[in-house]
Amino acid sequence: MNQWRDVWLIAIATLMLISLLFIFKGHVPPVNKEKEPPVQQENGQQEKDHERKDKVIWGIDSASSANEQQYRCVAENFGEPKVWGRYLGDLEGASVGLSVKEAEYLHANDIKILLIYNHVTDARGHKSGFSHAEKAASLADELGVPKEKAIFVDIEPDYPVDSDFIKGWMEGMENSGYHAGIYGVFSEEQDLYHVFKEMVESDEKLESKMIVWTAHPQTGISTQANAPEYKPEAPDGANVLGWQYGIDAKSCNIDTNLFKGEIIDYLW
């Protein structure tokens, strides 16, 4: 009799132990899979950033309105641009200003818009530079351009220019929430080159404040497939992200350009 009692006690103890093990197992939190170290994620992002910086994008700019007919002309004769430069506001005899309808058309075709401000004829004086920046920002606001996008002031070779104007333009852009850009012929024969060179040498942070789109050197209009190697010229230390290598195409009223991939963040 005692023998059967011992057997039952052992059986009951065994069942209780098994029950406790199941209960304990149910309360043990699941082991999370080890996440990738943040350093690896950062390295992956850095690699993507480097790839984008090294990438070169073909694009065009035009004083004419962008529409289906114009796009077909460019695509059939030159290539399919990923960047399309357009002007802010009408300038009689020179350019038709970008419209909301155009912007919608370009965006629908997965094309980024490079914004150009060409209402300057005398690029001298801080007050003038600041005032033009405010006007450019106002025109961009009317179109619904997001802040932090770049606006490129057009300084033609025959325009007088000084560093005060460029500083005023940068400050006005920053004050308006946009990023400052500058377009011009940055060859050593031009005043713009030397004015900008002095600015770069005196302000180490200028590279982060101003994006340069240079029209030097000129290699001539080409198709996308026959575009030259990306070799723009500008003062050392300038943040050159765009190169207008060919101007005044006989067809479509365009100029042809190459851009560094990182400029995309600053385009609309």
Please determine, by comparing only the residues of the range 102-113 that are surrounded by fewer than 19 Cβ atoms within 10 Å (Cβ to Cβ) and in a loop (DSSP other than H, G, I, E, B), which one is nearest to the chain's Cα centre (by Cα).
Asp110
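Having 1 or more residues that are open to solvent by 10 Å² or more (accessible area, probe 1.4 Å) and in contact with a helix residue (DSSP H, G or I) (Cβ under 9 Å, 6 or more places away or on another chain) is the bar; report the strands (runs of 3 or more DSSP E) wholly within the range 170-268 that clear it.
Of the strands (runs of 3 or more DSSP E) lying wholly inside the range 170-268, those with at least 1 residues that are open to solvent by 10 Å² or more (accessible area, probe 1.4 Å) and in contact with a helix residue (DSSP H, G or I) (Cβ under 9 Å, 6 or more places away or on another chain) span 179-184, 254-260.
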Quick check on my filter: what residues within the range 210-268 are on the phi > 0 side of the Ramachandran plot and of a type in the set (Asp, Glu)?
Asp248
Out of everything in the range 58-101 that is open to solvent by 70 Å² or more (accessible area, probe 1.4 Å) and of a type in the set (Lys, Arg), what residue ends up being farthest from the chain's Cα centre (by Cα)?
Arg72
What are the pairs, 6+ residues apart or on separate chains, where a residue within the range 135-158 that is in a helix (DSSP H, G or I) has its Cβ under 9 Å from a residue that is open to solvent by 60 Å² or more (accessible area, probe 1.4 Å) and of a type in the set (S, T, N, Q)?
Ala137/Asn175
When the range 136-159 is checked residue by residue, the ones that are touching a strand residue (DSSP E or B) at 6+ places or on another chain (Cβ under 8 Å) and either under 11 Å from Tyr183 (Cβ atoms) or surrounded by fewer than 18 Cβ atoms within 10 Å (Cβ to Cβ) (or both) are Glu148, Ala150, Ile151, Phe152, Val153, Asp154, Ile155, Glu156, Pro157, Tyr159
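Go over the candidates Glu207, Glu174, Glu188 one by one and state the one that is touching a Lys or Arg at 6+ places or on another chain (Cβ under 8 Å) and within 24 Å of Lys260 (Cα to Cα).
Values: Glu207 fails: touching a Lys or Arg at 6+ places or on another chain (Cβ under 8 Å); Glu188 fails: touching a Lys or Arg at 6+ places or on another chain (Cβ under 8 Å).
When all the criteria are applied, what remains is Glu174.
Assess whether Ile116 counts as being touching an Asp or Glu at 6+ places or on another chain (Cβ under 7 Å), hydrophobic (A, V, I, L, M, F, W, C) and surrounded by 14 or more Cβ atoms within 10 Å (Cβ to Cβ).
Spelling it out, Ile116 is indeed touching an Asp or Glu at 6+ places or on another chain (Cβ under 7 Å), hydrophobic (A, V, I, L, M, F, W, C) and surrounded by 14 or more Cβ atoms within 10 Å (Cβ to Cβ).
Here is a list: Gly44, Gly26, Gly93. Which entry is under 24 Å from Asp265 (Cα atoms) and either in a helix (DSSP H, G or I) or modelled with pLDDT of 60 or more (or both)?
Answer to the selection: Gly44.
The values are calculated or read from the model by the stated rules, or taken from the named source; none is laboratory data. Bear in mind that the values here come from a model prediction, so they are computed numbers and not experimental data. Because the Cβ atoms are built from the backbone with ideal geometry, glycine has one as well, and the counts that use them run over all protein chains shown. Side chains included, ligands, DNA and RNA excluded: accessible areas come from the protein's heavy atoms. Shrake-Rupley method; radii C 1.70, N 1.55, O 1.52, S 1.80 Å.
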